[in-house]
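Written out below as structure tokens is the structure these notes cover.
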Amino acid sequence: MSKPKVGVFGMTGCGGCQLELLNFEERLLDLVGAVDLVHFTEAITEYSDDYDIALIEGSITSEHCVERIKKIGDIAKIVVAMGSCAVNGGLNCMKNIYGLEKAKDLVYGDKKDWIDSIEVKPVDAYIKVDYYARGCPINRSEIIDIVRSLIVGRKPEIPNYPVCIECKRNGNTCVYELGKTCLGPVTRAGCDSRCPNSAEGCDGCRGPVDDPNMNAQKDLLVERGLSVDDMLAELNLYNACKGKAIEQK
């Protein structure tokens, strides 16, 4: 069987998730040995428009991005959204809170009409996404498992339970006991409770579980004398593109 051809692409983002791929060290060699890497501008000079699997980082913030993402969607047999920006819109969606015109005024001033800038959306707003590798940045083990699973025709096992479960598994003291806010009760696990492990609250970079219990989260905040507005502001940090829908639940 021939190796699957893989392309790695960056839309609007910091490039951190692509760099995480390069930081796999010895595991990168195993991964590269199992696939034919045909497009990855962070790593190789050659590029091709013939690929089976597309790993996409970054959100869609311009008409140019829309053209690129639709072309990738037409070519790839399997699309993996990689990182918070691609999955949820990420930090870039903070622009949507201000409104497009006000955001352009604040950033570009009297040059705003020169800029190709549109409302920020995640990748799946424009093309079908088959799998999601969440987080800011991605979890190395998770993305490797996703690619390996796709190679052998197995469905990747992606958690759909809250970060709190990982936190308890790791024996952490709940950060609410420290007087801090935490989005762990409504955020999808898979990061090994990375932030709470350091006594910091989860900021929701992996996005909410499929059916987040927002009322329970709000009750917990009130019980601890904390502000619901603070929680919603934290949720918007990575999830403003979908935040209103979450809030309405």
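Here are the numbers for the structure shown:
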{"item": "Across the chain: Cys residues that no other cysteine approaches within a C-beta distance under 4.7 Å", "result": "Cys14, Cys17, Cys65, Cys85, Cys164, Cys167, Cys174, Cys182, Cys191, Cys195, Cys202"}
{"item": "Percent carbon-and-sulfur accessible area, the chain, ignoring ligands, DNA and RNA, probe 1.4 Å", "result": "50"}
{"item": "Formal net charge of residues neighbouring Gly153 (Cβ-Cβ distance under 15 Å; K, R +1; D, E -1)", "result": "+1"}
{"item": "Region 1-158: translational diffusion in µm²/s, Stokes-Einstein, Kirkwood Rh over Cα pairs, 25 °C, 0.890 mPa s", "result": "152"}
{"item": "Contour minus Cα-Cα distance for Val228 and Leu22 (0.36 nm per residue)", "result": "70.3 nm"}
{"item": "Nearest 10 degrees, 0 to 90: helix 214-223 Cα axis against the chain principal axis", "result": "40"}
{"item": "Residues Thr173 and Asp211, FRET efficiency given R0 of 25 Å [Cβ-Cβ distance, rounded to 0.05]", "result": "0.40"}
{"item": "Cleavage-rule hits, trypsin sites (Lys or Arg not before Pro), region 77-160, DSSP coil, Cβ neighbours within 10 Å at most 15", "result": "Lys77, Lys128, Arg154"}
{"item": "Nitroxide proxy distance, nm - points 7 Å out along Cα→Cβ at Asn197 and Leu106", "result": "3.3"}
{"item": "Sites Asp74 and Asp113 - FRET efficiency at Förster radius 35 Å, r taken between beta-carbons, to 0.05", "result": "0.70"}
{"item": "Summed residue charge, Cβ within 10 Å of Ala103's Cβ, Lys/Arg positive, Asp/Glu negative", "result": "+1"}
{"item": "Karplus 3J(HN,Hα) series, Hz, for region 60-65 with 6.51 cos²θ - 1.76 cosθ + 1.60 (x for Gly, Pro)", "result": "9, 10, 8, 5, 4, 4"}
{"item": "Region 123-223: Cα Rg divided by the 2.2 N^0.38 Å rule of thumb", "result": "1.17"}
{"item": "Whichever lysines have a C-alpha closer than 24 Å to that of Lys77, once near sequence neighbours (fewer than 8 apart) are set aside", "result": "Lys3, Lys5, Lys121, Lys128, Lys155"}
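The values are calculated or read from the model by the stated rules, or taken from the named source; none is laboratory data. Everything numeric here is computed off the predicted structure, so don't read it as measured data. Cβ atoms come from the backbone with ideal geometry, glycine included; neighbour counts cover every protein chain shown. In case anyone asks, the SASA skips ligands and DNA or RNA and just uses the protein heavy atoms, side chains included. Shrake-Rupley method; radii C 1.70, N 1.55, O 1.52, S 1.80 Å.
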